[in-house]
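Take a look at the structure set out below.
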Amino acid sequence: MKLPALGIVVVLAAAPLWGQPTPAFEVASIKPSEPITAAMVQSGKLHVGMRIDGARVDIGNFRLLQLIMKAYDVKMYQVQGPPFLTSGQAFDIVANLPEGATKEQVPAMLQKLLADRFKLKVRIENEQRPVYAMVVAEGGAKLKSTSTADETGQTAGVSGSSTASVNINKGGGGTVSDGAGHKQTVTPTPDGKYLHFDSSGLTMDELADGLSPLTEEPIVNATNLKGKYDVAFDISMAEVMEVQRRFGGPGAQAAAGAADPSKAPEASEPGGSIFTALKAMGLKLERRKEPMKRIIVEQCEKMPSDN
């Protein structure tokens, strides 16, 4: 992804304080993930995501970019590195926490695991960069709170389910549930020009993160809205296909198999249908500049050393 030229750059050393050893997993197994097949999807279960259960960390089908994001607590647009971080092999990781360790220490342990097994070396920079701030529009937000009964699983971030449930609809589209209170149904419109998204259990941070690939600059949450919400919106097939071109992966287009890409309208300005969708939710995007951490990958192996 393209990032603007830096002004003043602060380079931070990712080293522990004197006398404080870097925490590490006691045992960690890293294996290439099996390719996701139609049969796996039709079975309704995919080993995807990250879960911390007691002293055990279970990661399913994470590419290196996702592992770096978890390790350094950053978003996709904050990582710069070679293309294989996104398009390369995905991995399953099972690791044990040392006695007395907490889940808050897991990111630091992931940093060490990536350095030891993938020879990862990064440089951390701070910059001012343009963003879209997602704010509440005049007249107030028009959002439906997710029912408390629907909120299950652990806090998103370094926890949640490592198994995703997928149901494919006969008429096209499908529903994905992650076991952590998130559910999304994607359905192509009858004319094949749009995908309709119904999502539940989303925080405003998660909504902003999910919509960011559809705009030319990242979206940051500035709504000050707490809690979880159900949201519904339409995105043009042209914009979805552009995301596929830039980032790869199956994504929403594959889930919406009945949609006909040949019927997709030409894309308007980047994020065109996003502005319309947010307006219906009582939200809008404002251009701003925000301080942001950036992770520059200087070295990384495509495959880990042996277990």
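The values are calculated or read from the model by the stated rules, or taken from the named source; none is laboratory data. Quick caveat: nothing in here was measured; it's all calculated off a predicted structure. Methodologically, a virtual Cβ is constructed for each residue, glycine included, from the backbone with ideal geometry; neighbour enumeration extends over all protein chains shown.
So the values come out like this:
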| quantity | calculated |
| --- | --- |
| Condition met for Ala149 (modelled with pLDDT under 90, more than 20 Å from the chain's Cα centre (by Cα), surrounded by fewer than 20 Cβ atoms within 10 Å (Cβ to Cβ) and not in a strand (DSSP E or B)) | yes |
| Scan of the stretch 95-136 for residues that are in a loop (DSSP other than H, G, I, E, B) and either aromatic (Phe, Trp, Tyr) or surrounded by fewer than 17 Cβ atoms within 10 Å (Cβ to Cβ) (or both), ordered by number | Pro98, Glu99, Gly100, Thr102, Lys119 |
| Restricting the stretch 78-89 to residues that are touching a residue at least 24 places away in the same chain (Cβ under 8 Å) and surrounded by fewer than 19 Cβ atoms within 10 Å (Cβ to Cβ), the residue that is farthest from Ile30 (Cα to Cα) | Gln80 |
| Identity of the residue in the stretch 37-51, over 17 Å from His182 (Cβ atoms) and touching a residue at least 12 places away in the same chain (Cβ under 8 Å), that ends up surrounded by the most Cβ atoms within 10 Å (Cβ to Cβ) | Val41 |
| Residue pairs meeting the criteria (Cβ under 6 Å; at least 6 apart or on separate chains; first closer than 17 Å to Leu195 by Cα and modelled with pLDDT under 95, in the stretch 210-239; second crowded, with 17+ Cβ neighbours inside 10 Å and of a type in the set (Asp, Glu)) | Leu214/Glu239 |
